[in-house]
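Q: I'd like to ask you about the structure that follows.
The values are calculated or read from the model by the stated rules, or taken from the named source; none is laboratory data. Everything quoted here is computed from the prediction, not taken from an experiment. Neighbour counts run over all protein chains shown; Cβ positions are idealised from the backbone, glycine included. SASA here: full protein model, heavy atoms, side chains in, ligands and nucleic acids out. Shrake-Rupley method; radii C 1.70, N 1.55, O 1.52, S 1.80 Å.
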Amino acid sequence: MQFTGTNLFENVTFNIADHDRVGLVGKNGAGKSTLLKILCGWQQPETGTLVKAAGQTVGYLPQEMVPDSVRTVLDEAMTAFSHIDDLLALQQKLTDEIASRTDYESEGYTRLLNQHNEVTEQIAMLGGGSRQEQTEKVLLGLGFKHDDFTRLVAEFSGGWQMRVELAKLLLQKPDFLLLDEPTNHLDIVSIQWLEHFLSGYPGAVVLVSHDRTFLDNITTRTIEITAGRIYDYKCSYSEYVVQMQERRASQMAQLTAQQRQVAQIEAFIERFRYKATKSKQVQSRIKMLDKMEMVKVDEVSTETIHFKFPPAPHSGKIVVEAQDLGKAYADLQVFNHVDMLLTSGKKVAFVGRNGEGKSTMAKIIVGDIRDYTGQFRLGAQVQVGYYAQNQAAMLNGEKTVFQTIDDIATGDIRPKIRNILGSFLFDSEDCEKKVKVLSGGEKARLALAKLLLTPSNLLVLDEPTNHLDMDSKDILKNALLQYTGTLIVVSHDRDFLQGLTDTLYEFRDGNVHEFRGDIFEFLADKESLEAVATAKSPVAQAKSSAGKEAYEQSKNRERELRKLRGAVEKLEQEIASIESQIAEKETILASGEMQSEAFYADYQALKNRLDKAMEEWETATIAVEEFQNAG
């Protein structure tokens, strides 16, 4: 498949079985969305064939689309059952025809009865009698309220309209469900509901997502697109990462061994090329080289953003203080009677369903909203840095990338603009592009780059991970962990929040509740409380307790697995460093010049260290495998 003159992938072959749960992964631009479009028929491959069994249905949710509906939310969602409406019409037609016939003993009458029975059975199997119940259940799961059902779809934001499109797909239950970044428009509660729904989905599911936790909770197979090829792993995302690193380490080890073998063979050939007594051996080795299949190492892009936030200027101990704070839009009271006190260096997250006031609170804090009730103030010497949820869309599309930064850069930073942009993967050619031609990920990176130009001691980030790939999210998270100021982050990405914040504020039903702890502790506590609230028997309570205990065991297991994987990663870094040092010395040796005894001793010590490190790496890798298999 080619796109804009570059091969995205070629000679790609794989099968998707009826109940597969596939995560499609790769860097931005690798071709994931293109492959989904080919699978659903929106785009045709340039070479090869796509084979689909007769009668199988495919449903596809793209990253972005512009729904054009004049219906209410409920009516639009129920268009998912248009095929049932056709069957109902046919059923009525057959009923009328049967009622008008009197030739009860004829073959034609019998055929009519049989056809009517078949259509009636089809309607029952498709849930025709419970269409509205099914629709309401899915809409509620995706975050809509009962009052929303009678509102026009056009009244909702683009994100909520995408939820309606997702609801329609889930209700249609195609044999193959293709979802491109479905969590972008969902909150944590809706994402968890979708995970549960997809875990019991009757067909195959193929996902593109940058949400690690979402992928891990659903997928059992991971297909990686890299350097124009695909690799198929029979495991979830986290296990894939480990196996992928092992595969590439193995490729490098094989390549190194082969290069040494080739060098030895070539040295023999060169040494004895003109000796008649060795001609047979020389020819044998020449043929050996000709037949040797060279080890290929994946050409993996090492490009990634790299940055850190400037040191936070000093501020007073109290950074944010709210007392009896409230905000309403006309008759809609978003939240009321909110008390909040954030001290310097605090890192907190705002969580809850979309529409409950998280972004509204963020806008009050940064000063974009001033018509509230109650008291609110920022502390002394607080300087705010703000990344809005639609920050990328707020960029001026007519300006170039360079102009966007140049307009706000001052003082000593101005000569460093191209270096700053370079650290966010904008080369000299990209700097002259207009913002309007950038991808969503590029706009997100540019908006993040703007944050670096003005030192702040209070960062307010509203959904900063949208459009960022996993590597970029990790780098942003690492930069925030090292940030010395106060942090407020609004996010639905559980993996991103884990370990980043230690306090959460849940926005729910007009109230804001403080929770001291990690995001997964919060979700486990919330699940436990909901289970207790709905439990009607000691058995149900026991299940809740067992679930919490299982969560704790799972969390401890994940912690131990991270520790083991960390040991493997550390050894891989050590091996790479030693091999680099050995390569430098071998380059010197290749010159033929005599070296000191210390040089040769150091060279031998490095080779010994390499052997030892390889043994330790093998032991550590086996430990990871045994730990995973024990689970």
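Q: Taking the condition of being out of contact with any strand residue (DSSP E or B) (no Cβ under 6 Å at 6 or more places or on another chain) and hydrophobic (A, V, I, L, M, F, W, C), how many residues in region 481-511 meet it?
A: Qualifying residue count for the region: 3.
Q: If you scan region 102-112, which residues turn out to be open to solvent by 70 Å² or more (accessible area, probe 1.4 Å) and closer than 23 Å to ASP86 by Cα? So that I can check it myself, show each step before the final result.
A: First pass over region 102-112, keeping only residues open to solvent by 70 Å² or more (accessible area, probe 1.4 Å): 102, 104-105, 107, 111.
Result: ARG111, single match.
Q: One residue is enough: does region 383-398 have a residue meeting the conditions outside any strand (DSSP E or B), among the small types (Gly, Ala, Ser) and in contact with an Asp or Glu (Cβ under 7 Å, 6 or more places away or on another chain)?
A: Yes, some residue in region 383-398 is outside any strand (DSSP E or B), among the small types (Gly, Ala, Ser) and in contact with an Asp or Glu (Cβ under 7 Å, 6 or more places away or on another chain).
Q: Can you go through LEU459, LEU378, LEU438 and tell me which one is hydrophobic (A, V, I, L, M, F, W, C) and over 30 Å from VAL338 (Cβ atoms)? Reasoning before the result, please.
A: Working: LEU459 fails: over 30 Å from VAL338 (Cβ atoms); LEU378 fails: over 30 Å from VAL338 (Cβ atoms).
Just one listed residue meets the conditions, LEU438.
Q: Scanning for something touching a Ser or Thr at 6+ places or on another chain (Cβ under 7 Å), over 30 Å from LEU255 (Cβ atoms) and not polar (S, T, N, Q), does region 356-376 turn up at least one residue? Break it down stepwise before answering.
A: From region 356-376, those touching a Ser or Thr at 6+ places or on another chain (Cβ under 7 Å) are 369; that's our starting set.
Within this subset, residues satisfying the condition of being over 30 Å from LEU255 (Cβ atoms) are 369.
Among the residues that remain, those that are also not polar (S, T, N, Q) are: 369.
The answer is yes; a qualifying residue exists.
Q: Next up: Could you check region 610-622 and list, in sequence order, the residues that are within 18 Å of CYS235 (Cα to Cα) and touching a residue at least 40 places away in the same chain (Cβ under 8 Å)? Spell out the reasoning first.
A: So in region 610-622, the residues within 18 Å of CYS235 (Cα to Cα) come out as 621-622.
Hit for region 610-622 is THR621, nothing else.
Q: Considering each of LEU425, LEU421 in turn, give the residue that is under 22 Å from PRO464 (Cα atoms), open to solvent by less than 60 Å² (accessible area, probe 1.4 Å) and not in a helix (DSSP H, G or I).
A: Working: LEU421 fails: not in a helix (DSSP H, G or I).
LEU425 is the lone residue from the list that is under 22 Å from PRO464 (Cα atoms), open to solvent by less than 60 Å² (accessible area, probe 1.4 Å) and not in a helix (DSSP H, G or I).
Q: Additional query: Just to be sure, is SER439 among the small types (Gly, Ala, Ser) and more than 24 Å from LYS363 (Cα to Cα)?
A: Judged against the criteria, SER439 is a match.
Q: Looking only at region 201-247, filter to residues that are of a type in the set (Lys, Arg), outside any strand (DSSP E or B) and over 21 Å from LYS473 (Cβ atoms); which one of those is least open to solvent (accessible area, probe 1.4 Å)?
A: Taking region 201-247 first, the residues of a type in the set (Lys, Arg) are 212, 221, 229, 234, 247.
Now narrow it down to the ones that are outside any strand (DSSP E or B): 212, 234, 247.
Then keep just the ones that are over 21 Å from LYS473 (Cβ atoms); that gives 234, 247.
Values: LYS234: 150, ARG247: 44 Å².
Residue satisfying both the conditions and the ranking: ARG247.
Q: Then there's this: Free of Cβ contacts under 8 Å to residues at least 12 places away in the same chain and open to solvent by 10 Å² or more (accessible area, probe 1.4 Å): is that true of ASP471 in this structure?
A: Taking the combined requirement at face value, the residue does not satisfy it.
Q: Open to solvent by less than 50 Å² (accessible area, probe 1.4 Å), at pLDDT 80 or above, assigned to a helix (DSSP H, G or I) and under 26 Å from LEU497 (Cβ atoms): does that describe LEU564?
A: Working: open to solvent by less than 50 Å² (accessible area, probe 1.4 Å): yes; at pLDDT 80 or above: yes; assigned to a helix (DSSP H, G or I): yes; under 26 Å from LEU497 (Cβ atoms): yes.
Yes; evaluated as a whole, the condition is true for this residue.
Q: Is it fair to say PHE307 is under 30 Å from MET361 (Cα atoms) and either surrounded by 14 or more Cβ atoms within 10 Å (Cβ to Cβ) or of a type in the set (Phe, Trp, Tyr) (or both)?
A: Yes, satisfied.
Q: Of the conditions (1) without any contact (Cβ under 8 Å) to a residue 60 or more places away in the chain; (2) part of a loop (DSSP other than H, G, I, E, B); (3) β-branched (Val, Ile, Thr), ILE123 fails just one. Which one is it?
A: Every listed condition holds for ILE123 apart from (2).
Q: Among the residues of region 365-399, count how many are in contact with a strand residue (DSSP E or B) (Cβ under 6 Å, 6 or more places away or on another chain) and not charged (D, E, K, R).
A: Here the count works out to 15.
Q: May I pose another question? What's the number of the condition ALA613 fails, among (1) outside any helix (DSSP H, G or I); (2) in contact with an Asp or Glu (Cβ under 6 Å, 6 or more places away or on another chain)?
A: Among (1) outside any helix (DSSP H, G or I); (2) in contact with an Asp or Glu (Cβ under 6 Å, 6 or more places away or on another chain), the lone unmet condition for ALA613 is (1).
Each row is one residue, and each column tells you yes or no for (1) of a type in the set (D, E, K, R); (2) within 52 Å of the chain's Cα centre (by Cα); (3) at pLDDT below 85; (4) outside any helix (DSSP H, G or I).
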{"site": "ASP75", "(1), (2), (3), (4)": "yes, yes, no, no"}
{"site": "GLN91", "(1), (2), (3), (4)": "no, yes, yes, no"}
{"site": "ASP96", "(1), (2), (3), (4)": "yes, no, no, no"}
{"site": "THR102", "(1), (2), (3), (4)": "no, no, yes, yes"}
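Q: Please determine, by comparing only the residues of region 584-622 that are at pLDDT below 80 and within 44 Å of the chain's Cα centre (by Cα), which one is least open to solvent (accessible area, probe 1.4 Å).
A: The qualifying residue least open to solvent (accessible area, probe 1.4 Å) is THR621.
Q: I need the full set of residues from region 474-496 which are of a type in the set (D, E, K, R), in contact with a Ser or Thr (Cβ under 8 Å, 6 or more places away or on another chain) and either open to solvent by less than 10 Å² (accessible area, probe 1.4 Å) or under 17 Å from PHE307 (Cα atoms) (or both), in order please.
A: ASP493, ARG494
Q: Sticking with this structure for a sec: Restricting attention to region 428-443, and to residues there that are free of Cβ contacts under 8 Å to residues at least 60 places away in the same chain and surrounded by fewer than 14 Cβ atoms within 10 Å (Cβ to Cβ), which single residue is farthest from MET65 (Cα to Cα)?
A: Only one residue fits best here, namely SER428.
Q: Run down LEU186, LEU194, LEU198, LEU166 and say which single residue is buried (at least 19 other Cβ atoms within 10 Å of the Cβ) and without any contact (Cβ under 8 Å) to a residue 60 or more places away in the chain.
A: Only one candidate qualifies: LEU194.
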